[in-house]
Amino acid sequence: MPLPHTFRPLGVRIAVFVFGALLLLVTAVIWFTFPQSIRDQFTIFQRGTVIVLGLGFLSLGWGLARSRVEARDTGLTVVNGYRSRTFEWAQIVAITLRPGSPWAELDLSDGTTVAAIGIQGSDGARAVQHVREIRQLVERHSGNA
């Protein structure tokens with residue numbers, strides 16, 4: 001596999017964009033079907049609360065949608081939501097995706113594990129293939145191949 005390569009979840013991204021768009025559409029339709037007299041009864045604070053909640057949902061959805069695992073010649077970068085961590089190939093001992101797990105996990109040489117939300121178990125065979133590809137990269141770059 002040529003590097004750099006980015007692994008992204010498919011199902012989560014589709015769900016975030018589709019349900020986010022539907023939530024926005026339903027909210028807008030409900031708002032504009034209210035008679036003007038009802039809309040006028042909403043205070044600035046109430047309108048602001050709805051906007052803040054909407055922005056909160058947007059930021060959560062965007063955080064999930066931007067999750068990914070980037071493989072480069074120098075190592076892996078794991079982006080989970082708004083946090084990004086970079087690991088050299090020598091730091092990665094293994095990657096696992098157990099049946100029923102929500103996402104893959106990296107086992108690191110210091111004995112810790114890191115979630116790789118960019119590889120979602122809900123993606124099924126696609127996720128398993130991504131884990132296999134990363135395992136091959138780990139083997140190739142660690143000199144164990």
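Selection of segment 40-63 for residues being open to solvent by 90 Å² or more (accessible area, probe 1.4 Å) and closer than 16 Å to ILE14 by Cα yields PHE57, LEU58, LEU60, TRP62.
Based on this model, can you work out whether ARG83 counts as farther than 20 Å from LEU3 by Cβ, basic (Lys, Arg) and open to solvent by 80 Å² or more (accessible area, probe 1.4 Å)? Judged against the criteria, ARG83 is a match. A count restricted to segment 110-139 and to residues that are open to solvent by 80 Å² or more (accessible area, probe 1.4 Å) and either among the acidic types (Asp, Glu) or under 20 Å from ASP73 (Cβ atoms) (or both) stands at 5. Pairs linking a residue in segment 48-77 that is aromatic (Phe, Trp, Tyr) to a residue that is surrounded by fewer than 17 Cβ atoms within 10 Å (Cβ to Cβ), with Cβ atoms under 8 Å and 6 or more positions apart or on different chains, are PHE57/LEU23.
When restricted to residues that are in contact with a helix residue (DSSP H, G or I) (Cβ under 8 Å, 6 or more places away or on another chain), over 25 Å from PRO2 (Cβ atoms) and not polar (S, T, N, Q), segment 109-137 contains 2.
Matching residues to (1) closer than 21 Å to GLY63 by Cβ; (2) among the small types (Gly, Ala, Ser); (3) over 18 Å from the mean Cα position of the chain (by Cα):
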{"site": "THR77", "(1), (2), (3)": "yes, no, no"}
{"site": "GLY81", "(1), (2), (3)": "yes, yes, no"}
{"site": "ALA104", "(1), (2), (3)": "yes, yes, no"}
{"site": "ASP107", "(1), (2), (3)": "no, no, yes"}
{"site": "ALA127", "(1), (2), (3)": "yes, yes, no"}
{"site": "VAL138", "(1), (2), (3)": "no, no, yes"}
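The values are calculated or read from the model by the stated rules, or taken from the named source; none is laboratory data. All figures in this text were calculated on a predicted structure; none of them were measured in a lab. As a convention, Cβ positions derive from the backbone with ideal geometry for all residues, glycine included, and neighbour counts pool all protein chains shown. Side chains are part of the model used for accessible areas, which takes the heavy atoms of the whole protein and leaves out ligands, DNA and RNA. Shrake-Rupley method; radii C 1.70, N 1.55, O 1.52, S 1.80 Å.
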